[in-house]
Amino acid sequence: MLDEDDETLAIRLTRVSGANIRSNSGLITIKDEDPDSEVAFNTDFARVAEGSGLYSVKVRLTTASEKRVQIPFTLSGLATQGQDYLPSTVSPITVPAGRRKSICPGLHQ
C-alpha cells in the first residue's frame, strides 16, 4: 500500500465513424482512498548516558508515501542545548518519497 495523491486520466475521442463528436475529451479522477501515512517514533522512551556521544532518534511512517514527507520538530525539557546536547539535525526531518523510515535529530552529548 502506498499513500498517494488523487490521479487523473484524460480520455479523448478520435476518428468517430457514423456520428459527430460533440465533446471529444473527458477527465477521470482516480480518488486515493488509502489511509494517509502516520508518523511515530520507533521507541517512545530512551535513556542515554551523559557524554555517550551521538544518539539518533528514529521515526517511521505507517505506510510509504509517493510524496516527500516533512516532519517539523521541537526540542524542549530540562536538558540545556549547548550544555547537555547539541542537535546535529535541523527541523523539519524529511522522509524521501517511497521510504518509511528516517532519522530524527541526532543529539551529541
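Residues that are among the charged types (D, E, K, R) and in contact with a strand residue (DSSP E or B) (Cβ under 8 Å, 6 or more places away or on another chain): does segment 71-93 have at least one?
Applying the first criterion (among the charged types (D, E, K, R)) to segment 71-93 yields 84.
Filter once more, so that each one left must be in contact with a strand residue (DSSP E or B) (Cβ under 8 Å, 6 or more places away or on another chain): none.
Checked segment 71-93: no residue is among the charged types (D, E, K, R) and in contact with a strand residue (DSSP E or B) (Cβ under 8 Å, 6 or more places away or on another chain).
Got a sec? Which of Leu27, Leu61, Leu75 is at pLDDT 85 or above and closer than 17 Å to Asp3 by Cα? Even if it seems obvious, please write down each step before you answer.
Details: Leu27 fails: closer than 17 Å to Asp3 by Cα; Leu75 fails: closer than 17 Å to Asp3 by Cα.
Exactly one of Leu27, Leu61, Leu75 is at pLDDT 85 or above and closer than 17 Å to Asp3 by Cα, namely Leu61.
Matching residues to (1) out of contact with any Pro (no Cβ under 9 Å at 6 or more places or on another chain); (2) in contact (Cβ under 8 Å) with a residue 40 or more places away in the chain:
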position	(1), (2)
Glu50	yes, yes
Leu54	yes, yes
Val57	no, yes
Leu61	yes, yes
Lys67	yes, yes
Pro72	no, no
Ser76	yes, no
Gly82	yes, no
Leu86	yes, no
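Can you pull out the residues in segment 1-42 that are β-branched (Val, Ile, Thr) and under 18 Å from the mean Cα position of the chain (by Cα)?
Val39 - this is the single residue of segment 1-42 that is β-branched (Val, Ile, Thr) and under 18 Å from the mean Cα position of the chain (by Cα).
Residue under question is Leu13, and the condition is that it be free of Cβ contacts under 8 Å to residues at least 24 places away in the same chain and of a type in the set (A, V, I, L, M); does it hold?
Taking the combined requirement at face value, the residue satisfies it.
Among the residues of segment 8-45, write down those that are surrounded by 10 or more Cβ atoms within 10 Å (Cβ to Cβ), closer than 25 Å to Ala64 by Cα and of a type in the set (A, V, I, L, M).
Selection gives Ile30, Val39, Ala40.
Taking the condition of being more than 10 Å from the chain's Cα centre (by Cα) and either surrounded by 12 or more Cβ atoms within 10 Å (Cβ to Cβ) or on the phi < 0 side of the Ramachandran plot (or both), how many residues in segment 63-101 meet it?
The qualifying residues number 19.
Determine the pairs where a residue that is more than 16 Å from Ala10 (Cβ to Cβ), located within segment 27-43, has a partner that is of a type in the set (Ser, Thr, Tyr) and part of a loop (DSSP other than H, G, I, E, B) with Cβ atoms under 6 Å apart, the partner being 6 or more residues away or on another chain.
Cβ pairs passing all conditions: Ser37/Thr62; Ser37/Thr63; Glu38/Thr62.
Please tell me if Thr74 is in a strand (DSSP E or B) and of a type in the set (S, T, N, Q).
no
The values are calculated or read from the model by the stated rules, or taken from the named source; none is laboratory data. Since we're looking at a predicted model, the values are computed, not measured. We place every Cβ from the backbone using ideal geometry, glycine too, and count neighbours over all the protein chains shown.
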